[in-house]
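The values are calculated or read from the model by the stated rules, or taken from the named source; none is laboratory data. Computed from a predicted structure; not experimentally measured. A quick note on method: Cβ atoms are made from the backbone with ideal geometry, for glycine too, and the neighbour counts reach across all protein chains shown. These accessible areas exclude ligands, DNA and RNA; they are computed on the full protein's heavy atoms, side chains included. Shrake-Rupley method; radii C 1.70, N 1.55, O 1.52, S 1.80 Å.
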Amino acid sequence: MENFYTTTAIDYVNGAPHIGHAYEKILTDIIYRHFTQRAENTYFLTGTDEHGIKIQKTSASQGITPQELCDINSQKFKDAWKALNVEYCQFIRTTDEQHKKIVQKIFKKLVDKGDIYKHSYTGLYCSGCEAFLSEKDLTEDGLCPDHKKKPEVVSEENYFFKLTKYKDAIAKHIKTNPDFIVPSFRANEVLNQLENIEDISVSRTKANVEWGIPVLGDEEQVIYVWIDALSTYITALGYDPDGSSEKFNKFWPANVQVIGKDILKFHSIYWLAILMALDLPLPKHILAHGWITIDETKMSKSLGNVISPTGVLEAFGLETPDALRYFMATSAPCGKDGNYSDNDFKEKVNAHLANSMGNLLNRTLSMLCKYFEGDVKQEFKIKSELFDMAIETVNAVKHHFDYYEVQEAAQKIMELVDATNKYVTDNAPWTLAKEGQMKECGQVLTTVLEIMCVISSLIYPYCPNIAKSMAEQLSYDLNTKLDDITCDNIKVGHLIDKESIKPVFLRLDSELADKSAKV
Ligand code: ME8
């Protein structure tokens, strides 16, 4: 694989990031890191969505400018991703000058092509969705199903995008590419939505919404939400209707665009239509992840159960985000909803990362020091059946990532950890040592250490700090590409001193468990 490009949704900057936002960014970061272990060139884009009526109103109520509010809140997202080791290559903001300039050009190109036209319109507008809704979208009480608010009746002359022109082409694309939408069970949902699709409003009058990108040559209108927000995926790379950058040609189309299930319609219908109208290739996959609930309840400000990801790190006194990354990434099968609770978090990471994985390395290295002063001898290096399982696990993990099954891949890694623990129990190296079977004892320990090298590579995307600490103690090169992994990494000679052995993950203090900070 040569080039790999992945994106997340860009978050609204109405407030601080919560654990749902974090879930998406962690998933994408894990996918990105996995593919850095396979592809030559990789690129990861995230950012913030900053225009719209909500920002205009909130900033006014706080007595600051919309730009000031965006600057403050966008920084909170950057800070959170830093704390979570989300290693994006670029953070785009819809208020970036370059982005605004290209969005204006994209809009003009679509007007010139006849795909955008002006039209007087009366519609039901939900400011929560930042979108017009049709009667069919509403609940029985006439409310927006997501925001539980009555939409406003808005009459305006707006620009409209000819979505209906692309309806058949989109349906054909989804049907002929059954793995385009991941997980595939969501494809039917999109095809049903496509049935009722109408042309969409893509501008608002400046009189009603000021905080947006002005339409070139029509200063009374601002470009609204989806053309602005979706275009970030290409403007960030340097797309330009008058001639794009090398980076754009290298990385577009994206391999996978990661979004939440609530905005799948915009990404698998609106976004495809815009790309088709621009004569650009379509992304290879859209991954629609599920939603995270808190203690099985929907997160909401009014319930006061909104969890801050950095709050969790602080409450548990975590110096690195690995445990939270691991927990979130494994909280749900691909595309399904997941749940966060302090207790589940603590129990899972203690069991998987401390007891199963961390202890395995720790006690194996300790025995190597106790029995052999940390030395590996040539006669310890044997072939083991466990090596076949390790290589099979690498292949299974790659296969799961080909379908962006992040939780399922982690499960495979843990199966290898469990099998290795069982191997230690079955072969009891401490008994071998007691009985003086030192060669056999050394062989068992070295076999385990070989497997731990593979495990450190596989766990790296989820837990980069833990993986680095494991690799360091094993003198293993974590930059090994997955295709080049073998079970012949432990070098004959002195491996480690007793003093250099350190636990890769400490159990979470149970007393701290209930104190997880709420936003
Ligand atoms: O939708 N669990 O922004 P947003 C999991 N700006 N994911 C969640 C979640 C939860 N509880 N809550 C939100 C927008 N998300 C637009 C996107 S893209 C061109 C424009 C996810 O801040 C949500 O599904 O409301 C979305 O993918 C992302 O967080 C940003 O949501």
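Tabulated results
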| quantity | calculated |
| --- | --- |
| Qualifying positions in region 1-34 - of a type in the set (S, T, N, Q) and open to solvent by 10 Å² or more (accessible area, probe 1.4 Å) | N3, N14 |
| Residue that is least open to solvent (accessible area, probe 1.4 Å) [pool: residues in region 186-201 that are in a helix (DSSP H, G or I) and either modelled with pLDDT under 95 or not hydrophobic (A, V, I, L, M, F, W, C) (or both)] | R186 |
| Residue match in region 205-224 (condition: surrounded by fewer than 24 Cβ atoms within 10 Å (Cβ to Cβ) and closer than 15 Å to L275 by Cβ) | no |
| Selection within region 284-301 - under 19 Å from Y166 (Cα atoms) and either free of Cβ contacts under 8 Å to residues at least 40 places away in the same chain or aliphatic (A, V, I, L, M) (or both) | I286 |
| Of residues in region 294-320 being within 14 Å of the ligand (Cβ to nearest atom) and among the polar types (S, T, N, Q), the one nearest to P145 (Cα to Cα) | S300 |
| Residue match in region 258-266 (condition: in contact with a strand residue (DSSP E or B) (Cβ under 8 Å, 6 or more places away or on another chain) and more than 13 Å from the ligand (Cβ to nearest atom)) | no |
| All positions within region 317-336 that are surrounded by fewer than 20 Cβ atoms within 10 Å (Cβ to Cβ) and out of contact with any Gly (no Cβ under 9 Å at 6 or more places or on another chain) | G317, L318, E319, T320 |
| Condition met for T393 (out of contact with any helix residue (DSSP H, G or I) (no Cβ under 6 Å at 6 or more places or on another chain) and either at pLDDT 95 or above or open to solvent by less than 10 Å² (accessible area, probe 1.4 Å) (or both)) | no |
| Of residues in region 264-282 being within 21 Å of the chain's Cα centre (by Cα) and open to solvent by 30 Å² or more (accessible area, probe 1.4 Å), the one modelled with the lowest pLDDT | K265 |
| First in region 398-412 and farther than 16 Å from S184 by Cβ, second anywhere and modelled with pLDDT of 95 or more and in a loop (DSSP other than H, G, I, E, B), Cβ under 6 Å, 6 or more apart | Q407/T330; Q407/P333; A410/T330 |
| Test: residue in region 141-157 that is closer than 23 Å to V190 by Cβ and part of a strand (DSSP E or B) | no |
| One residue from N339, N350, N359 being surrounded by fewer than 22 Cβ atoms within 10 Å (Cβ to Cβ) and under 18 Å from P17 (Cα atoms) | N339 |
| Members of region 468-519 found to be modelled with pLDDT under 95, surrounded by 15 or more Cβ atoms within 10 Å (Cβ to Cβ), in a loop (DSSP other than H, G, I, E, B) and touching a Phe, Trp or Tyr at 6+ places or on another chain (Cβ under 8 Å), listed by number | L508, S516 |
| Looking only at region 219-247, and only at residues there that are of a type in the set (A, V, I, L, M, F, W, C), within 23 Å of R204 (Cβ to Cβ) and within 16 Å of the ligand (Cβ to nearest atom), the one that is modelled with the lowest pLDDT | V225 |
| Number of the condition not met by W291 [criteria: (1) over 22 Å from H18 (Cα atoms); (2) within 11 Å of the ligand (Cβ to nearest atom); (3) aromatic (F, W, Y)] | (1) |
